[in-house]
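The structure appears below as structure tokens.
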Amino acid sequence: MFIERRAASASVDYRLGAASTLSLGGGAGVGGLLVLNGARHEISPGWLLTGAYSYRILDGRGAAPFLLIGLSFGGSGASTREVVPKRTMDPSPVSLYAFDIRAGLTVGKTFWKVLSPYAAIRAFGGPVLWNIDGQPRSGTDQRHFQVAAGLVTSLPRGVDLYAEVAPGGERAVTLGGGVGF
């Protein structure tokens, strides 16, 4: 099975203390494609919700790197419709739900108080629930790990920008930004 989805989301972070942060977020899947046994299924736009907790084990002062541990949960929902030739009737849409629980370690170093390159490794799992051919189906990720590298830059006025690429395990590219108050 092959699945590709894109999404846009926003989150709010709350510092629980000097070393820990709680995040809550939401957004929308903007569509995608699922291929199973040669049949193509269009994924319609849908919803997503996230929650995360992170704890800084090492703060990166002096020669030492920073080290973070993180836990997160995510859920999303959308409908799918099989792509069929135009001369046949369009099939009815069916629901697709995905859930994910994830734990990870991130290590990096901040230079000049503005650039923070990092590497991360994450382990995760969770069910994907789908109804196809009138039968409920469930599955999970093909790979239950992710290896990633990224860069965060801190700009004036509390603005942060980040980019991450994950070429190992679950593949992804993430771009984003934030504003601190």
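The values are calculated or read from the model by the stated rules, or taken from the named source; none is laboratory data. Keep in mind that this is a model prediction, so the values were computed, not measured. Ideal geometry is used to build each Cβ from the backbone, glycine not excepted, and the neighbour counts take in all protein chains shown.
When F181 is tested against (1) assigned to a strand (DSSP E or B); (2) surrounded by fewer than 17 Cβ atoms within 10 Å (Cβ to Cβ); (3) modelled with pLDDT under 95, only condition (1) is not met.
Output the residues belonging to the range 75-95 that are hydrophobic (A, V, I, L, M, F, W, C) and either within 21 Å of Y162 (Cα to Cα) or outside any strand (DSSP E or B) (or both).
Of everything in the range 75-95, those that are hydrophobic (A, V, I, L, M, F, W, C) and either within 21 Å of Y162 (Cα to Cα) or outside any strand (DSSP E or B) (or both) turn out to be V83, V84, M89.
To keep it simple, each residue is scored yes or no on (1) over 30 Å from P156 (Cβ atoms); (2) touching a residue at least 24 places away in the same chain (Cβ under 8 Å); (3) in contact with a Pro (Cβ under 7 Å, 6 or more places away or on another chain).
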{"site": "G46", "(1), (2), (3)": "yes, yes, no"}
{"site": "L49", "(1), (2), (3)": "yes, yes, no"}
{"site": "R81", "(1), (2), (3)": "yes, yes, yes"}
{"site": "K86", "(1), (2), (3)": "yes, no, no"}
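For the range 144-174, filtering for residues that are surrounded by 14 or more Cβ atoms within 10 Å (Cβ to Cβ) and not in a strand (DSSP E or B) leaves 2.
Residue count for the range 131-143 satisfying the condition of being surrounded by 13 or more Cβ atoms within 10 Å (Cβ to Cβ), without any contact (Cβ under 8 Å) to a residue 24 or more places away in the chain and either assigned to a strand (DSSP E or B) or of a type in the set (K, R) (or both): 1. Looking across T110, T106, one residue alone is closer than 23 Å to T21 by Cα, surrounded by 13 or more Cβ atoms within 10 Å (Cβ to Cβ) and over 18 Å from the mean Cα position of the chain (by Cα). It is T110. If the condition is being among the aromatic types (F, W, Y) and under 20 Å from G177 (Cβ atoms), then the range 1-47 contributes only Y14.
Yes/no per residue for (1) touching a helix residue (DSSP H, G or I) at 6+ places or on another chain (Cβ under 7 Å); (2) modelled with pLDDT under 90; (3) among the β-branched types (V, I, T):
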| residue | (1), (2), (3) |
| --- | --- |
| I3 | no, yes, yes |
| V35 | no, yes, yes |
| E42 | no, no, no |
| P65 | no, no, no |
| S92 | no, yes, no |
| T110 | no, no, yes |
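Each row is one residue, and each column tells you yes or no for (1) of a type in the set (G, A, S); (2) outside any strand (DSSP E or B); (3) exposed (fewer than 12 other Cβ atoms within 10 Å of the Cβ).
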| residue | (1), (2), (3) |
| --- | --- |
| R5 | no, no, no |
| Y14 | no, no, yes |
| T21 | no, no, no |
| L34 | no, no, no |
| R40 | no, no, no |
| L48 | no, no, no |
| G51 | yes, no, no |
| S54 | yes, no, no |
| A64 | yes, yes, yes |
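Checking each residue in the range 96-121 for being out of contact with any strand residue (DSSP E or B) (no Cβ under 6 Å at 6 or more places or on another chain) and either in a loop (DSSP other than H, G, I, E, B) or closer than 16 Å to I132 by Cβ (or both) picks out K109, W112, K113.
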